[in-house]
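None of the figures in this text is laboratory data; all of them are computed from the coordinates on show. In this text, all values refer to a predicted model and were calculated from it rather than measured experimentally. FYI the Cβ positions are ideal-geometry reconstructions off the backbone, even for glycines, and counts take in every protein chain you see.
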Amino acid sequence: MGTERITRRTILSSAAGLAGMALPGTAFSQAAGARRVIIDTDPGVDDAFALLLAMRSPELKIEGITPVAGNVPLELSLPNALRMVEIAGRTDIPVAAGAKAPLQRRLITATYAHGENGLGGAVFPAPKIKPIADPASVFIRQVVRKYPGQVSLIMLGPQTNLATALASDPDLARMIKSVVMMGGSLSGGNVTPAAEFNIYVDPEAARMVFQSGIPITMVGLDVTRKTALTDAHVKVLEAANTPVSMAAAKIARNDIDLNRKAGNASGPNMHDSLALASFLDPSLLKWKPYYVDVETMGELTAGETLGYRPNEAGLRGSAPTLAGTKTSTMLRDKFVPNANVAIDVDSARFFNLLIGRLAGKA
């Protein structure tokens, strides 16, 4: 469906029909059998959309939100997350402050894409609610151990918080049900020719997660580059005239203008929102199994995600040098996937879900 044919009725009816489930009514309603999730995020325009989508989705039991430094420093990503919780009327959800910096590197932000405040320059009042006392890594451990085998982590920023939790608790990985991440690419990066931003910021943390044994779903640039937000989407949000839809429209309008001033022909991509949507409805995307690893040593390629395909003759790293004593051994003799990687997306269906949920009645 072309954007010129998008209508509010089409979007709302499509979203309401997902899995035969009605949108929430005047008060948020939790669906029976809702899945437990922690959302780790660095808001961020598309993160803000993803958070609002999550809080408008009765399929999810959101145990908490754990902001991290990434798109903007923690001093901005934390209050941005708190703002989204207030806007959505979901102050029942705890917010735990996460890492201020990557594990081993200086923080690189993406204010060039998200504006100086992370929300495309859209200004909202300071949040009234406060984060909980426990830091994100401790909070993640507590929730996962409280509900072993039941909690999925939806990772929308650098992987620092989860990597910190895994490093402090060796048994934690086997208790996590799954990880859905927006990160990586099998077709080139967006911050360097090799690396996608979230992995680039903290490649050491990402490598820990990929090698943890947790079932991973990777939603990377291969598909998120196909999800440009348009003026037509913003008009649908504005027409709905609810607190959530108007906040989303305000952020979107500012970021679309920011993109145009930067000379971009299309609107911002909804990277993180697509990752969240893939958890709600995996049929929005096509998938293939890969063994994914992360380059951490390259001067030019740190943060690159390498996808080893089925039927390749072993999984090798680089050849040893003549001068060095370190050898690069075969990772595995046989192909064993560690990630389900998105390779294509039905963008129209995705936006029907995203905009439909955000434009639904409050």
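What the table shows:
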read-out	value
The chain: angle of helix 74-87 to the longest principal axis, Cα-based, in degrees nearest 10	40
Dipole magnitude (debye, nearest 20) for the chain, charges at Cβ of Lys, Arg, Asp, Glu	720
Value of [θ]222 nm, deg cm²/dmol, for the chain, DSSP H segments ≥ 4, -39500 (n - 2.57) each, nearest 500	-10000 deg cm²/dmol
A97 long-range amide H proximity, modeled H, under 5 Å	I132, A136
Three-way shape call for region 168-248 based on the alpha-carbon gyration tensor, with the a/c threshold at 1.5	oblate
Ordering of 177-188, 91-102 by packing [mean C-beta count within 10 Å, highest first]	177-188, 91-102
Viscosity 1.567 mPa s, 4 °C: Kirkwood-radius Stokes-Einstein D of region 195-348 over Cα pairs, µm²/s	72
Distant-in-sequence amide H partners of K61 (H built 1.01 Å from N, under 5 Å)	R35, R36, V37
5 angstrom amide H check on T242, placed H, neighbours 5+ away	none
Helix 45-55 vs. the chain, principal-axis angle (Cα, 0 to 90°, nearest 10)	70
Whole-percent pair-distance distribution, where bins are 10 Å wide, for the alpha carbons of region 89-136	20, 36, 40, 5
Ordering of 65-73, 334-342 by packing [mean C-beta count within 10 Å, highest first]	65-73, 334-342
Calculated FRET efficiency for the pair Y112/E75, C-beta based, R₀ 25 Å, to 0.05	0.90
Cross-link reach list, lysines versus K334, counting only Cα pairs under 21 Å and skipping chain neighbours closer than eight places	K288
Hits among lysines - C-alpha to C-alpha of K61 under 26 Å, sequence gap 8 or more where chains match	K128, K130, K146, K177, K286, K361
Whole-Hz ³J(HN,Hα) from phi, Karplus 6.51 cos²θ - 1.76 cosθ + 1.60, for region 203-211, glycine and proline x	x, 5, 5, 4, 5, 4, 5, 4, 9
Eligible aspartates and glutamates near K250 by straight Cα distance, threshold 12 Å, same-chain separation 8 or greater	D231, E238
Folded to 0 to 90 degrees: helix 136-146 orientation relative to the chain principal axis, Cα	90
Cα gyration tensor shape of region 229-269, rounded if a/c is under 1.5, else prolate or oblate by comparing a/b with b/c	prolate
Ranked by how many other beta carbons lie within 10 Å on average, peptides 197-205, 277-285 from highest	197-205, 277-285
Whether the chain is rounded, prolate or oblate, judged on the alpha carbon gyration tensor where a/c under 1.5 counts as rounded	prolate
Net charge of Cβ neighbours under 12 Å - reference V72; Lys, Arg +1; Asp, Glu -1	-3
